[in-house]
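Everything on this sheet refers to the single structure shown next.
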Amino acid sequence: MTNEINLIAIAEQFTSHGQVTSIQSLGNGNINDTFLVTLDSPKKKHFVLQRINTQVFQQPALVMQNMRILTDHVSQNLKLTPTNRRWEVPRVLLTQDDQNLWTDQNEGYWRAFSFVENAQSFDTLADSSHAPEIGYALGMFHNLISNLPPAQLADTLPGFHITPFYLQQYEDTLAKTSPHLSPEVNYCLQFVSSRTTFADILEDAKATGKLPLRLIHGDPKINNILFDTTTHKAVSIIDLDTVKPGLVHYDIGDCLRSACNPAGEETEEWEEVYFDTDLCQGILQGYLDVAQAFLTENDYTYIYPAIRLISFELGLRFFTDYLVGNVYFKIKYSEHNLARALVQFKLTESIEFQETKIRQIIEDLR
Ligand code: GN1
Ligand code: MG
């Protein structure tokens, strides 16, 4: 188990200036353990310390190799593309022996990043004026990675965002388990079984060449976007473990499913969950302002299906994890992943209910 003493010793592996004065938990990540380290140095006040979840990321060295290639590339691009806006990319910090990972005696893999100062993230959209900024952040990120050849990054999470793969895992799980059939579990079972036919939609479009493979973020949910605390403009997008070749639709879908859910993905009031189309309009507008140049006609056609699919997919991932006994997503209580699945399914239902309106928003922005 991690305790304060160990954490300080681990943080000190990555410290070259100053003493560690405190360490606190940072963010609400479902996979890795993240901490904010405070130093007494005037030069560098904070950095981010993270323990990689090796149940999920089984090749931490490869994850870090990707991270170095990616952050070097994006930093270089930023230097070459002068902009009048603040935009930062977290840097990988090295240990005193110049390594990008430090292994503790329990085989825990630790790494560190620079901390983006004077910035904050939100679990839900605090203000609808932030909506175009969310879209800007995703578009800016897509632009910054667009000239990095996808083959330079290794696939450190096979199957990630491949919906038919999650469906197969779900079906294999069901064949092996007999869940207690509470009304909530029944709702989820019904929900999935009536939607299996559309699980292939993005993978089919990829296989038939309708949608091109591009590098993507993989996890651009609302709380991975940082806002300047003074200007309230988006200034960074963090959590870069899942950057790999994929469809920009996974990112657009993930960004919208997380940011257009005013109740937030952790709410227990799942019956109140809905998809806010005004926020969707603002985010897509902000995204298209920067990303329009590289989108094709087909890209637009698949935006609505992607919003629906990625919400459904995340619900399916949470529900499967609940059924197998919570081996992937960290939980705070035993029914946590079931509650999260209900939220995503309810959100999917709201997206389906507003299909015409969402398609019209996309059409009007084309
Ligand atoms: C996980 O670790 P975190 O919270 O950034 C997950 C995402 C999900 C997200 C839902 C590698 O992200 O795919 O969308 O939870 N990351 C991985 O909150 O599976
Ligand atoms: Mg993540």
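The values are calculated or read from the model by the stated rules, or taken from the named source; none is laboratory data. Since we're looking at a predicted model, the values are computed, not measured. Don't worry about glycine lacking a Cβ; one is built from the backbone with ideal geometry, like all the others, and counts go over all protein chains shown. Areas reflect the complete protein model, heavy atoms only, side chains present, ligands, DNA and RNA absent. Shrake-Rupley method; radii C 1.70, N 1.55, O 1.52, S 1.80 Å.
Using unit Cβ charges (K, R positive; D, E negative) and no other charged atoms, how large, in debye to the nearest 20, is the dipole of the chain about its Cα centre?
840 debye
Once you charge only the Cβ atoms, +1 for Lys and Arg and -1 for Asp and Glu, what is the size of the charge dipole of segment 121-246 about its Cα centre, to the nearest 20 debye?
280 debye
May I ask you to order 70-78, 54-62 by the average number of other C-beta atoms within 10 Å around their residues, highest value first?
Details: 70-78: 16.9, 54-62: 14.9.
Packing proxy ranking, top to bottom: 70-78, 54-62.
Among residues other than Leu78 whose Cβ falls under 12 Å from its Cβ, what is the net charge (Lys/Arg +1, Asp/Glu -1)?
Working: positive: Lys79, Arg85, Arg86, Arg91; negative: Asp72, Glu88.
Counting the neighbours of Leu78, the net charge comes to +2.
Quote the FRET efficiency, to the nearest 0.05, computed for Gln152 versus Asn298 with a Förster distance R0 of 25 Å and r equal to the Cβ-Cβ distance. Write down the numbers at each step before the final one.
Numbers: r = 25 Å, r/R0 = 1.02.
The formula returns an efficiency of 0.45 here.
Protein chains only, probe 1.4 Å: how do Phe227, Phe35 rank by accessible area, largest first?
Details: Phe227 5, Phe35 25 Å².
Per-residue accessible area, sorted high to low, gives Phe35, Phe227.
What nm distance separates the two modelled labels at Ile8 and Asp40, each placed 7 Å from Cα along Cα→Cβ?
About 1.1 nm separates the two model spin labels.
What percentages make up the Cα-Cα pair-distance distribution of segment 128-365 when the bins are 10 Å wide from 0?
Answer for segment 128-365: a P(r) of 7, 33, 38, 19, 3, 0 percent.
Dipole of the chain (Lys/Arg Cβ +1, Asp/Glu Cβ -1, origin at the Cα centre): which of Leu279, Gly315, Ser146 lies farthest to the positive side?
It is Ser146.
What number does segment 233-341 give for Rg over Rh if you use C-alpha atoms and the Kirkwood radius?
Details: Rg = 15.4 Å, Rh = 15.5 Å.
Rg/Rh: 0.99.
If you roll a 1.4 angstrom probe over the protein chains with everything in place, what fraction of the accessible area of segment 258-366 belongs to carbon and sulfur, to the nearest %? Mind showing how you got there, number by number?
Working: 2140 of 4470 Å².
Taking all protein chains in place, segment 258-366 shows 48 percent carbon and sulfur surface.
How big is D for segment 88-190, in µm² s⁻¹ as a whole number, if Stokes-Einstein is applied with the Kirkwood radius of its Cα pairs at 4 °C and 1.567 mPa s? Numbers along the way, then the final one.
Working: Rh = 19.3 Å.
Rounded, D is 67 µm²/s.
Net charge around Leu94, counting only other residues with Cβ within less than 15 Å of its Cβ (Lys, Arg = +1; Asp, Glu = -1)?
After counting each charged neighbour, the total is 0.
Just want to confirm a number: the relative contact order over the chain, from Cα pairs under 8 angstrom separated by 6+ residues, in percent.
Values: 587 pairs, mean separation 65.3, N = 366.
About 18 percent, as a whole number.
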